[in-house]
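The values are calculated or read from the model by the stated rules, or taken from the named source; none is laboratory data. Remember, predicted model here, so these are calculated numbers, not experimental data. Methodologically, a virtual Cβ is constructed for each residue, glycine included, from the backbone with ideal geometry; neighbour enumeration extends over all protein chains shown.
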Amino acid sequence: MKIFGVTVERKRRERRSGECRSGECRSGARGRGALIALLLVLSAGLQAQVKTLEEAESIVLSNALQIQIAEQGVEKARIGFREAVGTVLPTISAYGQATTNQELPSIIIDFDGPGPQPATAIPMGSKYSNTAGFSLSQPLFTGGAVLAGFRIARESVEMSRINEQMTRDNTIMTLRTLWYQLLLTRSLIEATEWGLESATANFELAQKKFNAGTASQFEVLQAQVNMEQLKPTLIQLRNQLRSVKTNLLAYINDPAVREIEPSGKLTPEEDPFVGLDLEGLVAKALRQRPELQLLESQRSILEQQRNIAYGQVLPMLSFSADIRHQGQDDVKDDLNYLRSRSSSLNLSVPIFSGGRKVAAIQSARVALKEAELQYEQTLTYLRTELESNYYKVDESRQSIEANAALVEQAEEALRMAKLSYESGASTQLEIQNAQSAVLQATGAYLSSVFQYNLALNNLKKSLNQL
């Protein structure tokens, strides 16, 4: 803006030229500049400074705890997928057992015959018994439970990946909001500093006119009040700037970053969607929105859970095999191991379960219907959100144009009021009103730029293009 780019800078140059007309001042300035440069070089190795939004985004994507948690969720889902793959493979295990019988078990045999017959105790087994072998188990038919579990694990990986992307988008959106708040606050400080310099110059002018007898003491007091009332506002904005920086540093979460000093100013971002059809954007967004992809994966999982519930009423078939070596003897050194092998098909047919399995099927159906309704509700919400963000961008753009024109008009009115006051054709009140109008118009312009950038980034988020 002209008032920041020309007027303020010109006043600063005039002030410096008035203070430094001698060679001593220039040499002192060079000495101070060298000292400051040395301090900056020494401090550069001690702390990092973030100057651009791209740098901040790169750091926060590496350090944000919520993203690290989401990444661990992806890794956990991948491990679950590998576990699900293992359920379709055979299970092989080895086993062994060494038994020493201190007292052998016996069976009692009572012989029938004429007259009394004593019962006979016959010992069973041997003192030493060793067994070792391998067993194999392979499910053949589980009512679709194994295949459904595999698909659930696969969809869980996809859901965790989508959740990670949504976490990244939300993190970036929060960071950009804080960054724009920082630029907005700093711009408001610059505008208020200009207002204070302008009010100070006006106060000095009123004092000169009073000394010359062309202005009243009341006008001087008016100019002084107008100057002093900007100082608390400036203090408040500077405190707010420190608070925003603190919040931004905490969100970046990097101990090496000690300072944030944006190199740019708060300016409107370029809109890549100018001229694009709203319906086309809606159709494109609904194909890319991670929320809908997440719900689709959730619905697929519920379908597989329903299939598992159906499978619980079907027969289960599995295959098992066993090979073992076993030796028995009363003397350990005389153990003679013999091999045995077996294989079997195991069939289990559910007949009655108290209605639990039927209830599980009904519950799975209800959950699936609920997911379908939630999908339709989310679809409607996302379409409405996208349309709202689209029109908000257009509204904010028009607001920027209107406020920019208002700033130019207010600056011109202030210039004319100053000229009129210097010639004695207007009062101090007109200058104060004109200065206040410039500050209000500038604040409205900066706020409209802030709202526009947020609306544009919300639209990008709606289109999954952050």
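In the condition set (1) under 42 Å from the mean Cα position of the chain (by Cα); (2) modelled with pLDDT of 90 or more, Gly264 is compliant with all but (2).
Taking region 36-70 as the range and being over 13 Å from the mean Cα position of the chain (by Cα), at pLDDT 50 or above, assigned to a helix (DSSP H, G or I) and more than 14 Å from Tyr251 (Cα to Cα) as the test, only Glu54 passes.
All of Glu204, Glu197 fail the test of being touching a helix residue (DSSP H, G or I) at 6+ places or on another chain (Cβ under 8 Å), more than 24 Å from Ser462 (Cβ to Cβ) and of a type outside the set (S, T, N, Q), apart from Glu197.
Listed here are the residues, each with its yes/no results for (1) exposed (fewer than 15 other Cβ atoms within 10 Å of the Cβ); (2) closer than 30 Å to Gln328 by Cβ; (3) of a type outside the set (Asp, Glu); (4) in contact with a strand residue (DSSP E or B) (Cβ under 9 Å, 6 or more places away or on another chain).
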| residue | (1), (2), (3), (4) |
| --- | --- |
| Val85 | yes, no, yes, no |
| Ser93 | yes, yes, yes, yes |
| Ile109 | yes, yes, yes, yes |
| Leu136 | yes, yes, yes, yes |
| Gln165 | no, no, yes, no |
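Tell me whether region 92-111 contains one or more residues that are touching a residue at least 12 places away in the same chain (Cβ under 8 Å), closer than 28 Å to Tyr310 by Cβ and within 49 Å of the chain's Cα centre (by Cα). So far as region 92-111 goes, no, none of its residues is touching a residue at least 12 places away in the same chain (Cβ under 8 Å), closer than 28 Å to Tyr310 by Cβ and within 49 Å of the chain's Cα centre (by Cα).
Remark: Ile361 falls outside the filter, which requires a residue to be outside any helix (DSSP H, G or I) and over 26 Å from Glu270 (Cα atoms). Among the numbered conditions (1) modelled with pLDDT under 90; (2) small (Gly, Ala, Ser); (3) under 30 Å from Val85 (Cβ atoms), the only one that Gly213 does not meet is (3).
Each residue in region 419-434 was checked for being out of contact with any helix residue (DSSP H, G or I) (no Cβ under 6 Å at 6 or more places or on another chain) and touching a residue at least 60 places away in the same chain (Cβ under 8 Å), and 4 pass. Criterion first (over 27 Å from Pro290 (Cα atoms) and part of a helix (DSSP H, G or I)) does Glu387 satisfy it? So Glu387 fails the test.
Restricting Ser447, Ser436, Ser396, Ser426 to residues that are in a loop (DSSP other than H, G, I, E, B) and among the hydroxyl-bearing types (Ser, Thr, Tyr) narrows the list to Ser426.
Taken together, Ser198, Ser263, Ser216 contain a single residue that is of a type in the set (S, T, N, Q) and loosely packed, with under 12 Cβ neighbours inside 10 Å, which is Ser263. Evaluate the following for Ile189: is it assigned to a helix (DSSP H, G or I), over 25 Å from Asn239 (Cβ atoms) and either touching a Gly at 6+ places or on another chain (Cβ under 8 Å) or in contact (Cβ under 8 Å) with a residue 24 or more places away in the chain (or both)? So Ile189 fails the test.
Pairs meeting the criteria (first residue in region 197-225 and over 17 Å from Ser426 (Cβ atoms), second residue of a type in the set (A, V, I, L, M) and part of a loop (DSSP other than H, G, I, E, B), beta carbons under 9 Å, at least 6 apart or on different chains) are Gln207/Ala215.
Of all residues in region 266-288, those being more than 28 Å from Ser448 (Cβ to Cβ) and either among the hydrophobic types (A, V, I, L, M, F, W, C) or surrounded by 18 or more Cβ atoms within 10 Å (Cβ to Cβ) (or both) number 2. Looking only at region 175-184, decide whether some residue is surrounded by fewer than 18 Cβ atoms within 10 Å (Cβ to Cβ) and among the basic types (Lys, Arg). No, that holds for no residue.
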